[in-house]
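The values are calculated or read from the model by the stated rules, or taken from the named source; none is laboratory data. All figures in this text were calculated on a predicted structure; none of them were measured in a lab. Don't worry about glycine lacking a Cβ; one is built from the backbone with ideal geometry, like all the others, and counts go over all protein chains shown.
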Amino acid sequence: MTDLLIDDIGTLVTNDPSLGEGPLGLVRDGALLIGDGAVRWAGPQTATPQAAADERVDAAGRTVVPGFVDSHSHLVFAGDRTAEFAARMSGRPYTAGGIRTTVEATRAASSETLSRNMRRLVAEALRSGTTTIECKSGYGLTVAHERRSLEVAREHTDEVTFMGAHVVAPEYAERPDDYVDLVCTAMLDACAPHAKWIDVFCERGAFDGDQTRTILAAGARRGLLPRVHANQLGPGPGVQIAVELDAASADHATHLSDDDVEALAASSTVATLLPAAEFSTRAAYPDARRLLDAGVTVALAADCNPGSSYTTNMPFCIALAVREMGMTPDEAVWSATMGGARALRRTDVGHLGVGARADAVLLDAPSHAHLSYRPGVPLVSAVWRGGEAAVA
Ligand SMILES: [Zn+2]
């Protein structure tokens, strides 16, 4: 007995090359069997095992893809920055300093407000097909506020990242090295038990290469795995540090030298591209084509945050990646699912191979290419997470 059979799937993207065509493991006229929250079988409809299922869903020739894995977001915050966005769209450039506006609002908010806001955003992401979402702290910037941010994030996701090194806390503006010391000692002591990852914004105006290394090493000593905000606003050492430390991901990766690209290609560090950030800051997009042609593993993520990318919508990011970054529709779908899983070093999500967590999205479309071919259209018709109907 299985819990659910989804059949008459016109296009089934499994991301398991052993199950179908190409890197997407594409099955035409497919079916998917789900039991105990996991994929039990996937393949051509005609070969469906004759097992009884509690429930059957007729996909009526439409498309099923793995749930999106959004490996980069900042969801614990209060307030918004509409005015800053409007100003920027009137011609002023974005600088990292805008984060401080959100820090003030976040510190002043109750834990209940922060949790309610995050719950709303996670639900919003789920409605557009995101079944795994990573979340960073980084709008508290004191020991107590960073710990609280992680406690809130943990209520809503397992993929929690400590990012006390988002910017230097305003109180330490004149003595940034003292802030780095705080992050590496009392803040990490309080925060490490509540997080899996540690991330640093390695950028002019945030943390330099030496500070980034120091902070990531202190995190590693407490069992946190590294990821890096690297080379977003200009060239810098972020990508090289990420590769050196075998970080799971170097995120943004917009301003890259040939050496950076080569280093990524020779590593197991994923380049996580966040095109909604370039969209929302009217900045130049990263060159995904260059990375893919060099053999770099690329992930796409939404970077939801109130300053530079206030969207949770992965289909929007897929469309941007195809239109603006030289990715094919197939590559963009892979990067938004399997790529995200790689960026989180997860093997149980991002695909619909046997044994995977049953995170699946039914699209009101004959093929996954419609995610970029029909931008802005709400194609997500149903979402299952761990085999449970999450959106219907
Ligand atoms: Zn970010």
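Matching residues to (1) of a type in the set (A, V, I, L, M); (2) touching a residue at least 40 places away in the same chain (Cβ under 8 Å); (3) under 21 Å from GLY35 (Cα atoms); (4) in contact with an Asp or Glu (Cβ under 8 Å, 6 or more places away or on another chain):
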residue	(1), (2), (3), (4)
CYS317	no, yes, no, no
THR328	no, no, no, no
ALA332	yes, yes, no, no
ARG342	no, yes, no, no
ARG345	no, yes, no, no
HIS351	no, yes, yes, yes
ASP364	no, yes, no, no
ARG374	no, no, no, no
VAL380	yes, yes, no, yes
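Just wondering, is there one or more residues in the stretch 250-268 that are within 13 Å of the ligand (Cβ to nearest atom), of a type in the set (S, T, N, Q) and touching a His at 6+ places or on another chain (Cβ under 9 Å)? No, that holds for no residue. The residues listed here are ALA365, ALA360, ALA389; of these, the one that is crowded, with 23+ Cβ neighbours inside 10 Å and touching a strand residue (DSSP E or B) at 6+ places or on another chain (Cβ under 9 Å) is ALA360. Restricting attention to the stretch 197-214, does a residue exist that is touching a Lys or Arg at 6+ places or on another chain (Cβ under 9 Å) and more than 27 Å from ASP70 (Cα to Cα)? No - not one qualifying residue is present in the stretch 197-214.
With respect to PRO17, determine if the residue is at pLDDT below 95, not β-branched (Val, Ile, Thr) and not assigned by TED's automatic domain parsing to the domain that holds ARG148. No: the conditions fail for PRO17.
Looking only at the stretch 260-291, residues that are crowded, with 17+ Cβ neighbours inside 10 Å and either hydroxyl-bearing (Ser, Thr, Tyr) or part of a strand (DSSP E or B) (or both) come to 9 in all. Can you find, within the stretch 203-218, the residue that is farthest from the ligand (Cβ to nearest atom) among those that are free of Cβ contacts under 8 Å to residues at least 60 places away in the same chain and closer than 18 Å to TYR139 by Cβ? The qualifying residue farthest from the ligand (Cβ to nearest atom) is ILE215.
Considering ALA108, ALA60, ALA78, ALA83, the condition of being over 25 Å from PHE316 (Cα atoms) and more than 16 Å from the ligand (Cβ to nearest atom) is satisfied by ALA108 alone. The requirement of being on the phi < 0 side of the Ramachandran plot, surrounded by fewer than 19 Cβ atoms within 10 Å (Cβ to Cβ) and free of Cβ contacts under 8 Å to residues at least 40 places away in the same chain is not satisfied by ARG154. A count restricted to the stretch 168-195 and to residues that are closer than 25 Å to ARG119 by Cα and either within 16 Å of the ligand (Cβ to nearest atom) or modelled with pLDDT under 95 (or both) stands at 1. Looking at LEU5, is it crowded, with 18+ Cβ neighbours inside 10 Å and in contact with a Lys or Arg (Cβ under 7 Å, 6 or more places away or on another chain)? Judged against the criteria, LEU5 is a match.
On the stretch given as the stretch 293-319, residues that are in contact with a helix residue (DSSP H, G or I) (Cβ under 6 Å, 6 or more places away or on another chain), assigned to a helix (DSSP H, G or I) and surrounded by fewer than 24 Cβ atoms within 10 Å (Cβ to Cβ) total 2. Scanning the stretch 219-236 for residues that are away from the ligand (no atom under 14 Å from the Cβ), in a loop (DSSP other than H, G, I, E, B) and within 30 Å of ALA284 (Cα to Cα) yields a total of 3.
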